[in-house]
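Engineer: Pasting a structure below so you can have a look.
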Protein chains: 2
Amino acid sequence: MVENALATKKTGGLAGVIAGQTAISTVGKEGIGLTYRGYDIGALATSASFEEIAWLLIYGELPDETELNHYRQRLMQLRTLPAGLKQALEAIPATAHPMDVLRTGCSMLGTLEPESDTHTQTDIADRLLATLPGMLVYWYQFQYNGTRIDTTSDEETTAGYFLHLLKDKKPEASLRRALDVSLVLYAEHEFNASTFAARITASTLSDFYSCIVSGIGTLRGALHGGANEAAMELITQFKTAPEAEAGIRKMLLEKQKIMGFGHRVYKISDPRSDIIKLWSEKLAETAKEGYLYEVSAAIEKVMWEEKHLFPNVDFYSATTYHFCGIPKFFFTPLFVMARVAGWSAHIIEQRKDNRLIRPDAVYTGPMPRPFVLLAQRG
Amino acid sequence: MVENALATKKTGGLAGVIAGQTAISTVGKEGIGLTYRGYDIGALATSASFEEIAWLLIYGELPDETELNHYRQRLMQLRTLPAGLKQALEAIPATAHPMDVLRTGCSMLGTLEPESDTHTQTDIADRLLATLPGMLVYWYQFQYNGTRIDTTSDEETTAGYFLHLLKDKKPEASLRRALDVSLVLYAEHEFNASTFAARITASTLSDFYSCIVSGIGTLRGALHGGANEAAMELITQFKTAPEAEAGIRKMLLEKQKIMGFGHRVYKISDPRSDIIKLWSEKLAETAKEGYLYEVSAAIEKVMWEEKHLFPNVDFYSATTYHFCGIPKFFFTPLFVMARVAGWSAHIIEQRKDNRLIRPDAVYTGPMPRPFVLLAQRG
């Protein structure tokens, strides 16, 4: 504890400071691993779907087949958006950031279907898991194409549902599964900034929607969820691997920040990166701009050679999403659709053994000084 | 630092843990005081208006007369709500919690007037200071009375503006000043939960609105801003001082929680309470239900005798607002209209010397366990 306290003093940002307990996940034990409820992320990403993971995170155990089927059916039935929410979404202009659409949509839903004894925290978690894809695509199709889409679908998975709404046709199996895996990888990550913000909101005994809204607003930043979009912007600057290699070396010489590399907690590697990298490579084989995978791999190589930095989950998620035909400005919203599972689990956990989260600050401002009346200033 | 760390381990909630630096305010030095930018809260509440305080917090120094006049004029000119915001507010039902109205209204405004190089953080702080009262009362008058109000007013102060909109007539000077003082008292409070949540959101480099939205959602909880409404519910249970005294003793025997007393940081007294208590007493002289002041004083007396607990700012704010003719469910929104000044100052400060706020957690969940395929579960 002493070292932690000293580390904070030196570095700030609560780095290395214990802010509470969690039974939901472990991040970066020995610098590398990630487990959800004790299960290694590698096994989960290979064999489980996002809905299994959401259930695992929120209810604590993997669902059996009956539970999973019921859960999927329930989420499918919850996809219809209420009229008031659609009215608000239609008032959001085409120029808006899609993260602001989700932040506003979630906040609006909280006014229409508030938390209560009969609309409980798990009801709201289900409803948000079910409606976030529809909120985003409803707004998008309304503002970009002038159509009011039907947000129901017979796609059973969140990944398939999102792709179905976005493209207005049934997705290919490989794209559906690639997106499903990425949602598994993005679903939960211990006391990251957005989850910690959600827990602080929960700690005042605020309602469930307020906690999620804090999570969305916090995830929006470039140092958090926004990193996958920033990585895409970087990658698409280059057309070939050699061009990327030269370009990145030049950027490093110019001390430019390269997005999608390194991590606050992981020190050796991000276990999610190798998994999503394989999907990026696989989809690249048939994707229109498949060469972007080679560009990405070249960037990774230079970053390792020059800086000993490894790619984090955001880096190869970017090309994976691109190969799925998803516009760049939906990358961070997809992170929300996954992380809402982790946030929900953390809000529920915070409430079980709550204490107001309220740290102290070191004061660096003016010493006590006498007040001067308005007429005597200037 | 060692004691702080040990205290955390024992108590949680980051109590006593230093989470960063601030030059904006000091809270509870020697268990009692509160200063904004070095000025004692007593002097500020006696002689300054809320707009002076907002300027002081956001820009670092007290404004001179010219600056204050320009600032007031600017805020007055920013009171018109954009059409898209009104459309969203009209979609929020009458049953909604007014804090959810502000959370949604602020989030919506962020989609209409996003932060940019030409719409900067201080522009947005101004705009929110100017529009939050109008958002709330526009929604209220639309849903409760079916009218679309004009949100402009020639009232120069935020306090007067709010009362003018709410009652559709010019407020009495004593009510305007009482509300003004309460906004001064609520404007800023160091690393309280809502401000810390706003700083975490800022620390990912998210936009200004997202930070404020986190603040609103976090303030909403009963352990934070919601306390003034809870205090009012307590006080109005009693008709006389003796009835209150007996009632509170009974509640204490039954181990019921009494809202509006004690504080995480202040250990001896809340310096804001004595100030707002004087206003409650003064307004009680002519208020319709002035006896509620005597009821409050009786509750304070019992709480001190029985528990050695002092009233915090929320306790006498409740009757002060009630004597101003403000409905109870607007008490916490008024807290928002004041604290938006402090949040804005903290977001600007966090951005100046930013580091991602990301603590660690102690893991208490299942040990690593082998994954079981879906078909083999149950």
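The values are calculated or read from the model by the stated rules, or taken from the named source; none is laboratory data. Keep in mind that what you see is a predicted model, and the values were worked out from it rather than measured. Note that each Cβ is placed from the backbone with ideal geometry, even for glycine, and that neighbours are counted across all protein chains shown. Ligands, DNA and RNA are stripped out before the accessible areas are found, and what is left, the full protein with its side chains, is counted by its heavy atoms. Shrake-Rupley method; radii C 1.70, N 1.55, O 1.52, S 1.80 Å.
Engineer: Inside 10 Å of the C-beta atoms of A:92-99, what's the mean count of C-beta atoms belonging to other chains?
Structural biologist: The mean count of partner-chain Cβ atoms within 10 Å per residue comes to 4.
Engineer: Also, I was wondering about something else. Counting pairs of Cα atoms in region B:25-191, how many percent are more than 21 Å apart?
Structural biologist: Value for region B:25-191: 52 percent of Cα pairs lie more than 21 Å apart.
Engineer: Share of region A:25-191's accessible area from carbon and sulfur, percent, 1.4 Å?
Structural biologist: That fraction is 47 percent.
Engineer: Also, I was wondering about something else. Which whole-number percent gives the relative contact order of chain B, counting Cα pairs below 8 Å spaced six or more residues apart?
Structural biologist: Value for chain B: 21 percent.
Engineer: Distance cut-off 25 Å, Cα to Cα: go down the list A:Lys352/B:Lys250; B:Lys239/B:Lys301; B:Lys255/B:Lys282; A:Lys170/A:Lys282; B:Lys169/B:Lys282 and report the pairs above it.
Structural biologist: Pairs exceeding the cut-off: A:Lys352/B:Lys250; B:Lys255/B:Lys282.
Engineer: Rank B:Gln87, B:Met76, A:Thr80 by how far each Cα sits towards the positive end of the charge dipole of the protein assembly as shown (+1 on Lys, Arg Cβ; -1 on Asp, Glu Cβ) and give me just the farthest.
Structural biologist: Towards the positive end, the residue furthest out is B:Met76.
Engineer: Moving to a separate point now. A:Asp360's amide H: which non-local residues (gap 5+, or another chain) put their own amide H closer than 5 Å, with H modeled 1.01 Å from N in plane and none for Pro or chain starts?
Structural biologist: Amide H to amide H, under 5 Å and 5 or more residues apart or across chains, A:Asp360 pairs with B:Gly16, B:Val17, B:Ile18, B:Ala19.
Engineer: Hey, what's region A:264-360 come to in accessible area per residue, 1.4 Å probe, Å²?
Structural biologist: 37
Engineer: Further question on the same structure: At 222 nm, what value in deg cm²/dmol follows for chain A if DSSP H runs of at least 4 each add -39500 (n - 2.57) and the sum is divided by all its residues, to the nearest 500?
Structural biologist: Computed ellipticity for chain A at 222 nm equals -18500 deg cm²/dmol.
Engineer: Mind running the shape call on the protein assembly as shown? Use the C-alpha gyration tensor, a ≥ b ≥ c as the square roots of the eigenvalues: rounded below 1.5 for a/c, prolate if a/b tops b/c, oblate otherwise.
Structural biologist: Cα axes put the protein assembly as shown in the prolate bin.
Engineer: Let me ask something else. Rounded to the nearest 20 debye, what is the charge dipole size of region B:235-378 about its Cα centre when +1 sits on each Lys and Arg Cβ and -1 on each Asp and Glu Cβ?
Structural biologist: Roughly 820 debye, rounded to the nearest 20.
Engineer: While we're on this one: Taking the Cβ-Cβ separation of A:Arg355 and A:Leu309 as r and a Förster radius of 45 Å, what is the calculated FRET efficiency to the nearest 0.05?
Structural biologist: E(calc), rounded to 0.05, equals 0.75.
Engineer: In region A:279-315, which trypsin sites (Lys or Arg not before Pro) fall in coil by DSSP and have 10 or fewer other Cβ atoms within 10 Å?
Structural biologist: Those that pass, being in a loop and sparsely packed, are A:Lys288.
Engineer: Separate question: For region B:242-345, which GluC sites (Glu not before Pro) pass both filters: DSSP loop (anything but H, G, I, E, B) and at most 12 other C-beta atoms within 10 Å?
Structural biologist: B:Glu254, B:Glu285
Engineer: Viscosity 1.306 mPa s, temperature 10 °C: give me the Stokes-Einstein translational D for region A:170-293 in µm²/s, with Rh taken as the Kirkwood radius over C-alpha pairs.
Structural biologist: Roughly 94 µm²/s, to the nearest whole number.
Engineer: Let me ask something else. Run the simple label-point estimate for B:Arg148 and A:Asp154 please: 7 Å along Cα→C-beta, distance reported in nm.
Structural biologist: 4.4
Engineer: Carbon and sulfur: what percent of region A:258-368's accessible surface (1.4 Å probe)?
Structural biologist: In region A:258-368, the share of accessible area belonging to carbon and sulfur is 54 percent.
Engineer: Which one of A:Gly226, A:Gly134, A:Gly60 has the biggest mean-square fluctuation once chain A is modelled by GNM with Cα springs under 10 Å?
Structural biologist: Residue with maximal mean-square fluctuation among A:Gly226, A:Gly134, A:Gly60: A:Gly60.
Engineer: State, to one decimal in nm², a quarter of the convex hull surface area for the C-alpha atoms of chain A, i.e. the direction-averaged projected area.
Structural biologist: With the hull built on Cα positions only, its mean projection is 24.0 nm².
Engineer: Treating the beta-carbon of each Lys and Arg as +1 and of each Asp and Glu as -1, no other charges, what is the dipole magnitude of the protein assembly as shown about its Cα centre, to the nearest 20 debye?
Structural biologist: Using Cβ point charges on Lys, Arg, Asp and Glu, the protein assembly as shown gives about 560 debye.
Engineer: In addition: List the residues of region A:26-68 whose accessible area drops by at least 50 Å² when all protein chains are present, compared with their chain alone, using a 1.4 Å probe and counting only protein heavy atoms.
Structural biologist: Residues meeting the cut-off: A:Gly38, A:Tyr39, A:Glu65.
Engineer: Where is the GNM fluctuation largest for chain A (alpha-carbon springs, 10 angstrom cutoff): A:Gly38, A:Gly365, A:Gly221?
Structural biologist: A:Gly365
Engineer: If you place +1 on the Cβ of every Lys and Arg and -1 on the Cβ of every Asp and Glu, how big does the dipole about the Cα centre of region B:175-303 come out, in debye to the nearest 20?
Structural biologist: Using only the charged Cβ atoms, the result is roughly 200 debye.
Engineer: Give a quick list of trypsin sites (Lys or Arg not before Pro) in region B:153-229 that DSSP marks as loop, anything other than H, G, I, E or B, with at most 13 other Cβ atoms within 10 Å.
Structural biologist: B:Lys169
Engineer: If you don't mind, there's one more thing I want to ask. So which residue, out of B:His119, B:His224, B:His164, gets the largest mean-square fluctuation from a GNM of chain B using Cα contacts under 10 Å as springs?
Structural biologist: B:His119
Engineer: Note the buried accessible area between A and B here, summed over both chains, with a 1.4 Å probe, in Å² to the nearest 100.
Structural biologist: 8900
Engineer: With every protein chain kept in place and ligands, DNA and RNA left out, what is the accessible area per residue of region A:25-191? Probe 1.4 Å, answer in Å².
Structural biologist: Here the residues of region A:25-191 average 34 Å² of exposed surface.
Engineer: Over region A:25-191, what is the mean sequence separation of C-alpha contacts under 8 Å (at least six apart), divided by residue count, expressed as relative contact order in percent?
Structural biologist: About 28 percent, as a whole number.
Engineer: Pop a pseudo-label 7 angstrom from the Cα along the beta-carbon direction at both A:Leu374 and B:Glu61 and give the gap in nm to one decimal.
Structural biologist: Going from the A:Leu374 label point to the B:Glu61 one covers 1.9 nm.
Engineer: How many angstrom lie between the C-alpha centres of region B:188-216 and region A:333-373?
Structural biologist: Using only Cα atoms to place each centre, the spacing works out to 8 Å.
Engineer: Evaluate the distance, in nm, between pseudo-label points positioned 7 Å from the Cα of B:Ala83 and of B:Thr122 along their respective Cα→Cβ axes.
Structural biologist: Distance between the two pseudo-spin positions: 3.2 nm.
Engineer: While we're looking at this one, here's another question. Charges on Cβ only, +1 for Lys and Arg, -1 for Asp and Glu, centred on the Cα centroid of region B:25-191; of B:Leu102, B:Ala130, B:Ser25, which one is farthest towards the dipole's positive end?
Structural biologist: B:Leu102
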